[in-house]
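Since every read-out is calculated from the coordinates, none of them should be taken as a lab result. Every value quoted in this text rests on a predicted model; they were computed, and no experiment measured them. Here the Cβ is made from the backbone with ideal geometry for all residues, glycine too, and neighbour counts use every protein chain on show.
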Amino acid sequence: MTSARRQRILALTPRERLTEHWARLGITPDYRCVRGPEVGMAMVRGRMGGTGNAFNLGEMTLTRASVQLTDDDSAAGDAKLSLGHGWVKGRDPRHAELIALVDACAKRRDWQAAIEEGLVAPLEQALDAERDENARSAAATRVDFFTMVRGE
Amino acid sequence: MRWNAFDTPVHDSQRVYRQLLAAMAEPGTFAEVEGVPLPPPEAAIGVACWATLLSLCDLDTRVWVAPELDAAGINEALTFHTGARHTQCPDEADFALVTPATLAGQGMAEPPAFQEGSDSYPDRSTTLVVVLDRLASAGSWTLSGPGIPGHRQLNVGPGGEALMTRLAANRTRFPRGLDAILTCGTRLAAVPRSTRITRCASEEVDACMSP
């Protein structure tokens, strides 16, 4: 699983659900925040039809955090490996911090598999199920417009 | 990340900024920067310099770092914490991190040419953040001008010749010129472009003190 895909799933999952699943894994390393959590603005850009010229859609609030694991393993290893970053839309510092912590732990070889299988995979399934459910309920109210052919 | 930012970014940067303002307003006075995170031990810069950079740099500033100060990943750390961009061209920089040896052109083809602004926009000049081995009063340089009642003396260590000569040359092109923030360990001082700098041997100091 790529880092971008993991970030997407963690950011789309509501914080309560993420906290609950994370607590079940029982990974509780010591860490400190090296930057943030801080709230800022990000410019959302779009392309008409996905292929046109880029335009600025508008600004949105964004919360970001970066944490570093501070246990013995990370002190011995490369500093970059123990850093994790998290971004989430809106203003939820605890959510961003938790994402950063999960990201930092997911770079550890001994926790990687547990996080992929025990946390990210179920969360992805839950997100997919919700999206399908939404799509179904929306589809049930679908209205097809058509014009009656006027009779002779 | 071995470089730490301020614990409370808003208050700490305001406090350091106030110290910088006071130092600029009264050239040659010293401020002791306290309560800010230490740079890593292998870094080439001190606490006051790191605090200055954290306070002044943001997304809109470009920073030029002298090759001899580029140690322990300072470029990455500065971008990570402040969002400041790096530039390879000294004349594009808003802030330049230098030593007196940089201004002497040591290890380079020629001394870096920093931006001095224009007569219409003298504010578009590079501000030097100088890393010194020694910064004290009672030295061989005499400062006078705005913000200084009479004279003040400054000691920038034995290698400071190139620095003070460069800053003294500011007077010839006023209002263009370079402002300098001098740092040494936890201590900082400032020499804006309006300050007159003259070399003053100790016996001459006594002479000019007694009318």
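On alpha carbon coordinates alone, what is the Rg over Rh value for segment A:113-152, Rh being the Kirkwood radius? The partial results should precede the final answer.
Values: Rg = 20.2 Å, Rh = 13.4 Å.
Expressed as Rg/Rh, it is 1.51.
Rounding to the nearest 10 and keeping the result within 0 to 90°, find how far the Cα-based axis of helix A:93-106 lies from the longest principal axis of chain A.
Between the helix axis and the principal axis of chain A, the angle is about 70 degrees.
Using Stokes-Einstein with the Kirkwood hydrodynamic radius over Cα pairs, what translational diffusion coefficient do you get for segment A:86-138 at 4 °C and a viscosity of 1.567 mPa s, in µm²/s rounded to a whole number? Don't jump to the answer; show the numbers that get you there.
Working: Rh = 12.7 Å.
It diffuses with D of about 102 µm²/s by this estimate.
Provide, in order from the shortest bin, the percent of all Cα-Cα pairs of segment B:143-195 in each 10 Å bin, continuing until the bin that contains the maximum pair distance.
22, 57, 20, 1
Report for chain B the percent antiparallel among DSSP-assigned beta bridges with both residues inside it, nearest 5.
Close to 55 percent.
When 1/r is averaged over all different Cα pairs and the result inverted, which Kirkwood radius in Å belongs to segment A:20-65? Display every interim value, and only then the final one.
On the way: mean 1/r = 0.0709 Å⁻¹.
About 14.1 Å, per the Kirkwood formula over Cα pairs.
Compute the Cα gyration tensor for segment A:1-44, then decide on rounded, prolate or oblate, letting a ≥ b ≥ c be the square roots of its eigenvalues: rounded whenever a/c is under 1.5, prolate when a/b is larger than b/c in the other cases, and oblate in all that remain. List each step's numbers first, then the result.
Values: a/c = 1.78, a/b = 1.28, b/c = 1.40.
Oblate.
At most 11 other Cβ atoms within 10 Å and a DSSP loop assignment: could you name the chymotrypsin sites (Phe, Trp or Tyr not before Pro) in segment B:1-89 that fit? It would help to have the intermediate numbers written out before the result.
Details: sites: B:W3, B:F6, B:Y17, B:F30, B:W50, B:W64, B:F80; in loops: B:W3, B:F6, B:F30.
Loop-located and lightly packed - none at all.
Extent of the protein assembly as shown along each principal axis, from alpha carbon coordinates, in Å, largest to smallest?
112, 67, 38
Can you give the Kirkwood hydrodynamic radius for chain A, in Å, rounded to one decimal and based on Cα pairs? Write down the numbers at each step before the final one.
Details: mean 1/r = 0.0558 Å⁻¹.
Value: 17.9 Å, from the Cα pair sum.
Can you tell which of A:G84, A:G40, A:G49 shows the greatest fluctuation in a Gaussian network model of chain A with Cα springs below 10 Å?
Result for chain A, Cα springs under 10 Å: A:G49 fluctuates most.
Please find, in a Gaussian network model of chain B (springs between Cα atoms separated by less than 10 Å), the residue of B:G46, B:G73, B:G150 whose mean-square fluctuation is greatest.
Evaluated over chain B, the most mobile residue of the options is B:G150.
If you take every residue apart from A:T61 with its C-beta less than 12 Å away from the C-beta of A:T61, what net charge results, scoring Lys and Arg +1 and Asp and Glu -1?
Working: positive: A:R64, A:K89, A:R91; negative: A:E38, A:E59, A:D92.
That works out to 0.
At 222 nm, what value in deg cm²/dmol follows for chain B if DSSP H runs of at least 4 each add -39500 (n - 2.57) and the sum is divided by all its residues, to the nearest 500? Walk me through the numbers on the way to the answer.
On the way: 6 runs with 56 residues, N = 211.
Result for chain B, helices only: -7500 deg cm²/dmol.
Compute the acute angle (0 to 90°) between the alpha-carbon long axis of helix A:121-140 and the principal axis of greatest extent of the alpha-carbon atoms of chain A; round to the nearest 10°.
10
With contacts defined as alpha carbon pairs under 8 Å and 6 or more residues apart, what's the relative contact order of chain B in percent? The partial results should precede the final answer.
Values: 431 pairs, mean separation 48.2, N = 211.
Relative contact order comes out at 23 percent.
May I ask for the longest run of chain B untouched by GluC sites (Glu not before Pro) that are loop-located per DSSP and have at most 16 neighbouring C-beta atoms (other than their own) within 10 Å?
B:43-211
Between B:Q88 and B:H151, what is 0.36 nm times their sequence separation minus the Cα-Cα distance? Round to one decimal in nm.
Working: separation 63, 0.36 × 63 = 22.68 nm, distance 3.77 nm.
Gain on stretching B:Q88 to B:H151: 18.9 nm.
Amide H to amide H under 5 Å from B:T127: which residues, 5+ apart in sequence or cross-chain, H placed 1.01 Å off N in plane?
B:F95, B:A96
Could you grab the relative contact order for segment B:36-101? Cα pairs under 8 Å, six or more apart, rounded to a whole percent. Mind dumping the intermediate values first?
Details: 87 pairs, mean separation 23.9, N = 66.
Here the relative contact order equals 36 percent.
If you wrap a convex hull around the Cα atoms of segment B:1-122, how much volume per residue is inside, in Å³?
Numbers: hull volume 15.8 nm³, N = 122.
Looking at segment B:1-122, the number lands at 129 Å³ per residue.
For chain B, count all C-alpha to C-alpha pairs, find those more than 28 Å apart, and express that count as a whole percent of the total. List each step's numbers first, then the result.
Working: 5407 of 22155 pairs.
So the pairs more than 28 Å apart make up 24 percent of the total in chain B.
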